[in-house]
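A.B. asks: Before anything else, here's the structure in question.
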Amino acid sequence: MYIDHISLMDFRTYLLLNLPLNPGVTIFLGSNGVGKTNIVEAIDYTANLGSHRVSNDSPLVRVGAPRAFIRTRVVRASQQTITEFEIAPGKSNRVRINRASPVRAREALGIVSTVLFSPEDLQLIKGEPAYRRRFLDDLAVSLRPSVAAYRSDYERILRQRNTLLKSMRRGKTDESALNTLRIWNEQLATTGAHLLQARLRVLAVVLPQIQRAYNELTDGSKNVTVSYESTIFPVISSTTLQQAALMSVNDLQETLLRGFAEKQSEELDRGVTLVGPHRDEIVLELGGIPARGFASHGETWSLALALRLGSWYVHRADDDSPGASPILILDDVFAELDSARRHRLGAIVAGAEQVLVTCAVATDIPEELGENPTIVHVSPGIARVEQEA
């Protein structure tokens, strides 16, 4: 899988950009702050319908413009697909697929897959639980786009249930409100069970690949393990994860409903939902010790990279058909690595069908990525492919 052309209009700093791309390694070269990341951010957006840098779409639209557009031509095996995303903050984003009528942006999930490394990935190790939940949920959606609907519905129902709990906290706890709460309990338990099952299944699949990637990036002296801390059942360790991933949606739904019943008084007192996958934590461990707060800077970088490499390995194992391997994006990563890890990472990703690298200094690029990468010179608002001599 690769993208052979991208067009941007009113996206970030780009009034208009038309850029051809090639399979293999492409390096976006330019000083810091000129817009290299904006290009790869747009490509990643088409795969995940969100930015790795911001939590909402407003910053993606050029200042003064009402909306932004991302147009790509994706080549998968012998098939080409053209997508045009319209990003309109405050409205529903739309996409045209092969110039057909606009549909919901979610309809484009699965057309392109990306795995992106960036300095922000350190938050997967050092940051709050939401970063790790998002990592698992994003991977689950990219593997099975149908999970996106459960995720979206869960978030919507959760907001409505919290609104009801807040109103009941203010004294509106009559029979009608309690009946409405029971309805929201049923709906949240149903969508939450599907989301939790998808999360446990993908964690069970990706953990061995994270362990493999961490060993490839380091000397392998420390093993990677996880603990999944849930609001509805005891802690799930690496040794019990495979069994937990076999739990049915019905079992998970019933357990969530029991959790709502047990916590109802406390939820009414606090006016917030205390049970569900939105409050779960994924504890990453190195040598049996939580990485958050204890890992060194080098260990933190290696583990963050291993999470992304692990997800890439899962994609390749999940679908080994021609053109199925995700596009790899390395956003300002090599400058952060020591020489040994730089060369190890370069050797690992060199075989990807398309690798997109942003870099301020060409000497940061390891020779393992190949002798003749495509070079795109980036300056403010402009990106041009270097012509061969």
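A.B. asks: Would you confirm whether any residue within segment 208-227 is over 30 Å from Gly287 (Cα atoms), open to solvent by less than 50 Å² (accessible area, probe 1.4 Å) and touching a Gly at 6+ places or on another chain (Cβ under 9 Å)?
C.D. replies: Checked against the condition, which is being over 30 Å from Gly287 (Cα atoms), open to solvent by less than 50 Å² (accessible area, probe 1.4 Å) and touching a Gly at 6+ places or on another chain (Cβ under 9 Å), segment 208-227 yields no hits at all.
A.B. asks: Restricting the search to segment 1-43, which residues are within 16 Å of Val333 (Cα to Cα), crowded, with 18+ Cβ neighbours inside 10 Å and not hydroxyl-bearing (Ser, Thr, Tyr)?
C.D. replies: Those that are within 16 Å of Val333 (Cα to Cα), crowded, with 18+ Cβ neighbours inside 10 Å and not hydroxyl-bearing (Ser, Thr, Tyr): Val25, Ile27, Phe28, Leu29, Gly30, Gly35, Lys36, Asn38, Ile39, Val40, Glu41.
A.B. asks: From the residues in segment 268-285 that are open to solvent by less than 20 Å² (accessible area, probe 1.4 Å) and either part of a loop (DSSP other than H, G, I, E, B) or modelled with pLDDT under 95 (or both), which one is farthest from Ala140 (Cα to Cα)?
C.D. replies: So the residue we want is Gly271.
A.B. asks: Is it true that some residue in segment 134-147 is open to solvent by 40 Å² or more (accessible area, probe 1.4 Å), part of a loop (DSSP other than H, G, I, E, B) and more than 30 Å from Ile70 (Cβ to Cβ)?
C.D. replies: no
A.B. asks: Taking interchain pairs and intrachain pairs at least six residues apart, which have beta carbon atoms under 6 angstrom, with the first residue in segment 111-138 and at pLDDT 95 or above and the second among the acidic types (Asp, Glu) and outside any helix (DSSP H, G or I)?
C.D. replies: From segment 111-138, the pairs are Pro129/Glu281.
Rundown of residues vs (1) among the hydroxyl-bearing types (Ser, Thr, Tyr); (2) under 19 Å from Arg308 (Cα atoms); (3) modelled with pLDDT under 90, yes/no style:
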{"site": "Ser339", "(1), (2), (3)": "yes, no, yes"}
{"site": "Leu345", "(1), (2), (3)": "no, yes, no"}
{"site": "Gln354", "(1), (2), (3)": "no, yes, no"}
{"site": "Val357", "(1), (2), (3)": "no, yes, no"}
{"site": "Thr363", "(1), (2), (3)": "yes, no, yes"}
{"site": "Val376", "(1), (2), (3)": "no, no, no"}
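A.B. asks: If you don't mind, another one. Of all residues in segment 179-207, how many are open to solvent by less than 40 Å² (accessible area, probe 1.4 Å) and over 25 Å from the mean Cα position of the chain (by Cα)?
C.D. replies: So the count comes out to 2.
A.B. asks: Has segment 149-164 got at least one residue that is outside any helix (DSSP H, G or I), over 24 Å from Trp301 (Cα atoms), open to solvent by 40 Å² or more (accessible area, probe 1.4 Å) and in contact with a helix residue (DSSP H, G or I) (Cβ under 8 Å, 6 or more places away or on another chain)?
C.D. replies: no
A.B. asks: Which is crowded, with 20+ Cβ neighbours inside 10 Å, within 13 Å of the chain's Cα centre (by Cα) and outside any helix (DSSP H, G or I), of Val115, Val95?
C.D. replies: Val115
A.B. asks: Something else about it: Please determine, by comparing only the residues of segment 165-200 that are of a type in the set (A, V, I, L, M, F, W, C) and in contact with a Gly (Cβ under 9 Å, 6 or more places away or on another chain), which one is farthest from Asn48 (Cα to Cα).
C.D. replies: Met168
A.B. asks: Could you identify the single residue in Ala47, Ala42, Ala65 that is over 15 Å from Ala88 (Cβ atoms) and in contact (Cβ under 8 Å) with a residue 40 or more places away in the chain?
C.D. replies: It is Ala47.
A.B. asks: Look at Leu252 and say whether it is open to solvent by less than 40 Å² (accessible area, probe 1.4 Å), in contact with a strand residue (DSSP E or B) (Cβ under 8 Å, 6 or more places away or on another chain) and not basic (Lys, Arg).
C.D. replies: no
A.B. asks: What are the pairs with Cβ atoms under 7 angstrom where one residue, in segment 360-372, is part of a helix (DSSP H, G or I) and the other, located anywhere, is not aliphatic (A, V, I, L, M)? Sequence gap at least six, or different chains.
C.D. replies: Here the result reads Asp364/Phe334; Glu368/His343; Glu368/Gly346; Leu369/Gly346, each pair linking segment 360-372 to a residue that is not aliphatic (A, V, I, L, M).
The values are calculated or read from the model by the stated rules, or taken from the named source; none is laboratory data. Predicted, not measured: the structure shown is a model, and the values here were computed from it. Reconstructed Cβ throughout: ideal geometry from the backbone, glycine too, with neighbour counts over all protein chains shown. Keep in mind that these areas ignore ligands, DNA and RNA; they rest on the heavy atoms of the full protein, side chains included. Shrake-Rupley method; radii C 1.70, N 1.55, O 1.52, S 1.80 Å.
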